[in-house]
1. Take the conditions out of contact with any Leu (no Cβ under 9 Å at 6 or more places or on another chain) and either part of a helix (DSSP H, G or I) or at pLDDT below 95 (or both) and apply them to ASN114. Does it pass?
2. Which condition from (1) surrounded by fewer than 16 Cβ atoms within 10 Å (Cβ to Cβ); (2) of a type in the set (Val, Ile, Thr); (3) within 19 Å of ARG147 (Cβ to Cβ) is the one that VAL8 breaks?
3. Which pairs have Cβ atoms under 7 Å, sit 6 or more apart or on different chains, and link a residue in segment 126-150 that is more than 13 Å from LEU24 (Cβ to Cβ) to one that is open to solvent by less than 90 Å² (accessible area, probe 1.4 Å) and assigned to a helix (DSSP H, G or I)?
4. Conditions: (1) free of Cβ contacts under 8 Å to residues at least 60 places away in the same chain; (2) assigned to a helix (DSSP H, G or I); (3) surrounded by 14 or more Cβ atoms within 10 Å (Cβ to Cβ). ALA68 meets all but one. Number of the miss?
5. Looking at (1) of a type outside the set (S, T, N, Q); (2) over 18 Å from the mean Cα position of the chain (by Cα); (3) open to solvent by less than 60 Å² (accessible area, probe 1.4 Å); (4) farther than 19 Å from ASN114 by Cα, find the lone condition where PRO53 falls short.
6. Residues ALA160, ALA123: which one is open to solvent by less than 30 Å² (accessible area, probe 1.4 Å), under 16 Å from ILE25 (Cα atoms) and touching a strand residue (DSSP E or B) at 6+ places or on another chain (Cβ under 6 Å)?
7. For segment 87-98, state whether one or more residues are among the β-branched types (Val, Ile, Thr), in contact with an Asp or Glu (Cβ under 7 Å, 6 or more places away or on another chain), under 24 Å from SER45 (Cα atoms) and not in a loop (DSSP other than H, G, I, E, B).
8. So, in segment 11-50, how many residues would count as being open to solvent by 80 Å² or more (accessible area, probe 1.4 Å), free of Cβ contacts under 8 Å to residues at least 60 places away in the same chain and not in a helix (DSSP H, G or I)?
Amino acid sequence: MNSQIKEVEEALAEVPMLDIHTHLIGGKLGARGLHDVLLYHMVVSDLYAAGCPSGARLTPFPGWPTDAEAHARIQEALPFIPAIQNTSCFWGMRLILRDLYGWKEPITADSWRNLDALIRERADDRAWHHSILDRLNIRRTGTEIARRGHGEDDDRLQYAIEWAFFYALPMGRVRYRPL
């Protein structure tokens, strides 16, 4: 059975992927710190449901949260992390931290700054960001046209009008259709 599972996984890994929904920003594909992972809006919803006082997102794009804002919100969220460890968002976050950054420890008041520094080390490493997409065989990634930046990642990003969806036509052309 294990060899069959491995064979299926290997075959699936060869299938080119189109990631249809992200919040990636052209020229800035990587997380800028722990806040971009721990305080992703879906995780914030779980933290808020667990009693964390802040349920709002950090400063939204096109703005950027300051280090002070991000660090204050991380510290505010820390006591509520144990209450969300059974959620799918936390599971996904744990996979991101483990698979991309090699982080397998709990996020605690004593450890979060080390994790934040680890993530920040890769924040501007565009070759590493592209290598992740390549490893996953993600050929195109969907994001909003407002996040295009200066076109730095046009070869990787597929743009749509926010709150719209797109569908593929023969010959690889893409059309946009509002909801």
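1. yes
2. Failed condition: (3).
3. Close Cβ pairs satisfying both conditions: ASN137/ALA13.
4. Tallying (1) free of Cβ contacts under 8 Å to residues at least 60 places away in the same chain; (2) assigned to a helix (DSSP H, G or I); (3) surrounded by 14 or more Cβ atoms within 10 Å (Cβ to Cβ), ALA68 fails exactly one: (3).
5. In the conditions (1) of a type outside the set (S, T, N, Q); (2) over 18 Å from the mean Cα position of the chain (by Cα); (3) open to solvent by less than 60 Å² (accessible area, probe 1.4 Å); (4) farther than 19 Å from ASN114 by Cα, PRO53 misses (3) alone.
6. None of the others qualify; the one that does is ALA160.
7. No.
8. Residues flagged as open to solvent by 80 Å² or more (accessible area, probe 1.4 Å), free of Cβ contacts under 8 Å to residues at least 60 places away in the same chain and not in a helix (DSSP H, G or I) within segment 11-50 amount to 1.
The values are calculated or read from the model by the stated rules, or taken from the named source; none is laboratory data. The model shown is predicted, which means the values in this text are computed figures rather than measured ones. FYI the Cβ positions are ideal-geometry reconstructions off the backbone, even for glycines, and counts take in every protein chain you see. The area values use the complete protein model at the heavy-atom level, side chains included, leaving out ligands, DNA and RNA. Shrake-Rupley method; radii C 1.70, N 1.55, O 1.52, S 1.80 Å.
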